[in-house]
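To start, the structure under review is shown below, and the notes come after it.
The values are calculated or read from the model by the stated rules, or taken from the named source; none is laboratory data. Note that the structure is predicted; figures quoted are calculated from it, not measured. Because the Cβ atoms are built from the backbone with ideal geometry, glycine has one as well, and the counts that use them run over all protein chains shown. Note: areas computed on protein heavy atoms with side chains; ligands, DNA, RNA excluded. Shrake-Rupley method; radii C 1.70, N 1.55, O 1.52, S 1.80 Å.
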Amino acid sequence: MSLSTLYAIGLGTLTMAAAMTLWERRFHAGRSQALTFWAGGFASLVVGCALLILRDTLPRLVGFGFANLFIIGGYVLLLAGSLPFAGLRLPRFLVGFLLALAPVWLVIGPTLPDATWHALSGLLVALCCLALALVFAKFRPAAAVRTDRLVVTVFGLHGLVYLLRVPVIPLLAWQGREAALDLAALITMFEGVLFSMAAPMALLSLAREENRVELQHASETDFLTGLDNRRAFFAKAEAMVQAPAQLVLFDLDHFKSINDRHGHETGDEVLRIFARVAKERFGADDLVARVGGEEFAALLPGAGPDDAISALNAIAWRLRREARAGTRLTQDVTFSAGLASLPAGASLTAGLNMADRLLYQAKTKGRNRIEREAASSSFAPADTETSAA
């Protein structure tokens, strides 16, 4: 396959990459800027490669100088669009440096020998690609491991190919090995065609997987409180009950009367306050979820009954205090709870049934209390959070 044929294929695939990325942009509102950068990057590469194809018929300033600027600019745009996925941005000083360097390159670049020009431009391409690969190898949260590895592989290999060209091309030119130079150009262009197909697939996979993760998170999150919902609780709890744990079911007392007397806005705020207090009081490894209207559940792996009761007393005290401070309510907001101790490997369904029966007992015995197997108690009144805990 000839070099001109590979260039033509590369132009076609890069053009399709730009068009596909612009089309995909409509479906990723949160990443529209990133996809705009990517589309601009692929389009810039198209222009640069087209100028290189025509370089023998164009002034050297255009065929080499501007062609190289469009190519380097394309890789910089791909990098700039990718950095936000790792919570980063292209440093302003680097953008300013590149803009200042552009006219210098236009003056000096076309005067350099072809081998030196290829080596320097290849170094800039390699730095952009390796920087992008490094970002996804080291700085990304581990939310989309397979996609991250694909990006690292595609851009890492492309960067290494161009990094290898930096010493090889000048060396072959110095030795006068024209056949080897032609072969190196053919290999580079063949790899470039593969990159032009793989890069848009890898980058668009990032946006798609992020969308998938966001949709999954939304489907497992209670929109009002931000806690896990019933679906997420059951999915996560099944794995957590392989170790001993405490299972708690909560029900806010007289919640319907709060809604009827003070309005649903106040009721919603009470739910949010309870969710925040419970989430902050339980540990990072504990699972807290809203499983019904005013019903919540918590699974505390590794905790004992006394640990759970201490946490529940602290939550009861903070709920009374923060509900009065954050709403128009004049009466205390309280809850009833059923606490079941689960041995390792216990049935989650059986544990929930037990906690539900205990919760029902707490409500029938006057509410504002916790019921556990073979024991019960009202929440201890407390004037300070320390004494409650």
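Could you tell me whether any residue of the stretch 65-87 is at pLDDT below 90 and of a type in the set (Val, Ile, Thr)?
Checking the stretch 65-87: not a single residue is at pLDDT below 90 and of a type in the set (Val, Ile, Thr).
Just to verify a result, which residue in the stretch 332-351, among those that are buried (at least 21 other Cβ atoms within 10 Å of the Cβ) and aliphatic (A, V, I, L, M), is farthest from residue 317 (Cα to Cα)?
342
Being part of a helix (DSSP H, G or I), more than 23 Å from residue 340 (Cβ to Cβ) and either among the aromatic types (Phe, Trp, Tyr) or open to solvent by less than 60 Å² (accessible area, probe 1.4 Å) (or both) is the filter here, so list the residues in the stretch 253-270 that pass it.
Of everything in the stretch 253-270, those that are part of a helix (DSSP H, G or I), more than 23 Å from residue 340 (Cβ to Cβ) and either among the aromatic types (Phe, Trp, Tyr) or open to solvent by less than 60 Å² (accessible area, probe 1.4 Å) (or both) turn out to be 257, 258, 259, 262, 266, 267, 268, 269, 270.
Could we say that residue 92 is modelled with pLDDT of 85 or more, of a type in the set (Lys, Arg) and open to solvent by 60 Å² or more (accessible area, probe 1.4 Å) here?
yes
Starting from the stretch 312-331, take each residue that is open to solvent by less than 30 Å² (accessible area, probe 1.4 Å) and list its partners that are of a type in the set (Phe, Trp, Tyr), counting only C-beta distances under 6 angstrom and pairs at least six apart or across chains.
313/379; 316/379; 319/274
Restricting to the stretch 34-51, and then to whatever is touching a residue at least 60 places away in the same chain (Cβ under 8 Å) and in contact with a Ser or Thr (Cβ under 6 Å, 6 or more places away or on another chain), can you tell me which residue is surrounded by the fewest Cβ atoms within 10 Å (Cβ to Cβ)?
Filtering the stretch 34-51 for residues that are touching a residue at least 60 places away in the same chain (Cβ under 8 Å) and in contact with a Ser or Thr (Cβ under 6 Å, 6 or more places away or on another chain), the one surrounded by the fewest Cβ atoms within 10 Å (Cβ to Cβ) comes out as 35.
If I filter the stretch 101-116 for residues that are among the aliphatic types (A, V, I, L, M), closer than 21 Å to residue 203 by Cβ and surrounded by 15 or more Cβ atoms within 10 Å (Cβ to Cβ), do I get at least one hit?
No, there is no match, as no residue in the stretch 101-116 is among the aliphatic types (A, V, I, L, M), closer than 21 Å to residue 203 by Cβ and surrounded by 15 or more Cβ atoms within 10 Å (Cβ to Cβ).
Cβ contacts < 7 Å: first residue within 13 Å of residue 72 (Cβ to Cβ) and free of Cβ contacts under 8 Å to residues at least 40 places away in the same chain, restricted to the stretch 92-104; second residue in a helix (DSSP H, G or I) and open to solvent by less than 100 Å² (accessible area, probe 1.4 Å), any location; separation 6+ or different chain. Result?
Cβ pairs passing all conditions: 98/76; 102/69.
Looking at 21, 13, can you tell me which residue is assigned to a helix (DSSP H, G or I), under 21 Å from the mean Cα position of the chain (by Cα), at negative phi and polar (S, T, N, Q)?
None of the others qualify; the one that does is 21.
Do you know which residues across the stretch 276-286 are surrounded by 15 or more Cβ atoms within 10 Å (Cβ to Cβ) and either on the phi > 0 side of the Ramachandran plot or within 24 Å of the chain's Cα centre (by Cα) (or both)?
Residues satisfying the conditions are 276, 279, 286.
Do we have residue 289 as modelled with pLDDT of 90 or more, in a strand (DSSP E or B) and open to solvent by less than 10 Å² (accessible area, probe 1.4 Å) here?
yes
Tell me, yes or no, whether the stretch 336-347 has at least one residue that is more than 19 Å from residue 252 (Cβ to Cβ) and of a type in the set (S, T, N, Q).
So far as the stretch 336-347 goes, yes, one or more of its residues are more than 19 Å from residue 252 (Cβ to Cβ) and of a type in the set (S, T, N, Q).
When the residues of the stretch 160-186 are narrowed to those that are β-branched (Val, Ile, Thr) and touching a residue at least 24 places away in the same chain (Cβ under 8 Å), which ends up surrounded by the most Cβ atoms within 10 Å (Cβ to Cβ)?
169
Keeping to the stretch 7-27, report how many residues are over 28 Å from residue 63 (Cα atoms) and buried (at least 17 other Cβ atoms within 10 Å of the Cβ).
Total satisfying the criteria: 2.
Of the numbered conditions (1) surrounded by fewer than 14 Cβ atoms within 10 Å (Cβ to Cβ); (2) over 23 Å from residue 189 (Cβ atoms), residue 54 satisfies every one except a single condition; which is it?
Unmet condition: (2).
Just to be sure before I move on: is residue 31 charged (D, E, K, R), open to solvent by 80 Å² or more (accessible area, probe 1.4 Å), under 19 Å from residue 211 (Cα atoms) and under 32 Å from the mean Cα position of the chain (by Cα) in the structure I sent?
no
Residues to consider are 250, 223; find the one that is surrounded by 15 or more Cβ atoms within 10 Å (Cβ to Cβ), under 25 Å from residue 277 (Cβ atoms) and modelled with pLDDT of 90 or more.
The unique qualifying residue is 250.
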